[in-house]
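Working notes for the structure below.
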Amino acid sequence: MAETMKAARFLGEGRIDLHEVPIPEPGPDEVLVRVHSCALCGTDRRAYRNGSAVIPGHEVAGTVVVAGKDVTGLGEGAKGVVYLVDFCGDCSACRAGSTNICLKRRNMYGFTADGGFAEFEVVRSRCFLPLAGDAPLDLATTLLDFYGTNLHAFRRAGHPAPQVVGVIGCGPIGLGAISVAKALGARQVFGIDLAPYRLELAGSLGAVPVDARPGHATARVLNHSPGGCDVVIEATGITATQRQAIELAAPAGRVVFVGHNREPLEVHTLTDLIAPERSLFGSEYFPIGAFSEAYALLASGAFDAASAVTHRFPLDQIGDAFEAFWSGATAKVLVQP
């Protein structure tokens with residue numbers, strides 16, 4: 001094996017270059033993964049704009065090429081995906097099964113440790129989630145943010161299973177939410193967005209496409225479902241649409257915020273929560289124990305992963321990949337070293 005690899009360096013202001021770096025060596029409890037595919041995510045925007053001290057990329061599928069001396073159950077050739085959170089396993093959150101919100105996480109691959117926009121990546125062995133030998137690695141990336149994150153969001157919403165679902169924002173996360181809602185038996189799903197291409201994709205997944213212009217979306221949804229939505233998934237992380245999500249929720253409805261937003265949100269406890277008995281939830285990624293459910297649904301054919309991936313680019317065209325992704329005319333975009 002060569003001693004160096006190609007890796008993307010994010011310089012800020014949309015500038016990305018490739019450079020040669022040493023191939024990392026796995027520690028005793030780590031594995032070296034040859035990256036097959038790494039999907040782009042809206043959360044990569046910060047690195048794209050501001051630059052990054054580490055190699056970004058956190059939706060990774062690949063193959064083990066070297067296993068550390070203490071690793072058991074994973075050997076050369078094992079196929080799998082990378083779990084984003086290098087969790088501790090010992091804190092109260094981890095002991096409760098919530099590894100996604102580990103209180104003492106060591107790293108976040110692609111954010112605080114090198115990620116998958118490179119030919120190789122080193123990860124802790126327990127963060128490498130094995131797949132069956134015939135699993136297509138490019139489509140396996142959808143098990144992470146696209147399906148895994150959304151399946152957890154619906155689990156956060158709890159019971160009863162929703163019959164009417166609103167999804168605000170039909171980027172990759174929102175499109176995944178539509179797919180999961182349909183797989184879980186929702187009778188009606190509204191896909192709300194401004195981009196015509198993404199509204200078309202939402203419709204192809206079985207959602208009612210709704211133009212997100214102010215006032216229009218709320219009126220259209222309530223015209224179809226006068227009581228509102230049992231569950232609303234907010235996937236944009238924009239204050240105005242987070243506010244809209246609350247307004248679209250039915251009495252006793254549940255709103256799950258998945259899109260990241262650092263701005264304050266005004267919530268009226270009486271009229272928004274107490275009187276209509278609505279519930280608001282935050283949902284972050286997914287617990288590692290929930291991966292098997294997403295994998296089982298994919299294997300059963302409940303998810304059409306092939307339609308989720310619309311664009312593929314080689315690593316040396318990563319700049320073009322991001323330009324396509326930011327255009328709004330894609331679903332999942334893969335970079336494939």
Looking at THR239, THR269 in this structure, which one is at pLDDT 95 or above, more than 26 Å from ALA331 (Cα to Cα), polar (S, T, N, Q) and out of contact with any Cys (no Cβ under 7 Å at 6 or more places or on another chain)?
THR269
Output the residues belonging to segment 292-321 that are under 16 Å from the mean Cα position of the chain (by Cα) and surrounded by 19 or more Cβ atoms within 10 Å (Cβ to Cβ).
ALA294, TYR295, LEU298, PHE303, ALA305, ALA308, VAL309
Taking the condition in contact with a helix residue (DSSP H, G or I) (Cβ under 8 Å, 6 or more places away or on another chain), at negative phi and not assigned by TED's automatic domain parsing to the domain that holds PRO28, does LEU184 pass?
yes
Taking only segment 129-170 into account, find how many residues are part of a loop (DSSP other than H, G, I, E, B) and either under 30 Å from GLY77 (Cα atoms) or in contact with a Pro (Cβ under 9 Å, 6 or more places away or on another chain) (or both).
8
Taking segment 91-128 and keeping only residues that are under 17 Å from VAL54 (Cα atoms), in a strand (DSSP E or B) and touching a residue at least 60 places away in the same chain (Cβ under 8 Å), one is left with ALA118, PHE120, GLU121, VAL122, VAL123, ARG124
Would you call ALA245 surrounded by 14 or more Cβ atoms within 10 Å (Cβ to Cβ), aliphatic (A, V, I, L, M), in contact (Cβ under 8 Å) with a residue 60 or more places away in the chain and farther than 24 Å from PRO160 by Cβ?
no
With the first residue restricted to segment 273-288 and required to be touching a residue at least 60 places away in the same chain (Cβ under 8 Å) and in a helix (DSSP H, G or I), and the second required to be exposed (fewer than 15 other Cβ atoms within 10 Å of the Cβ) and β-branched (Val, Ile, Thr), Cβ contacts under 6 Å at 6 or more apart or on different chains are none
How many residues are part of a loop (DSSP other than H, G, I, E, B) and touching a residue at least 60 places away in the same chain (Cβ under 8 Å) if we restrict to segment 171-193?
1
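The values are calculated or read from the model by the stated rules, or taken from the named source; none is laboratory data. Small disclaimer: the values here were computed from a predicted structure and weren't measured. Reconstructed Cβ throughout: ideal geometry from the backbone, glycine too, with neighbour counts over all protein chains shown.
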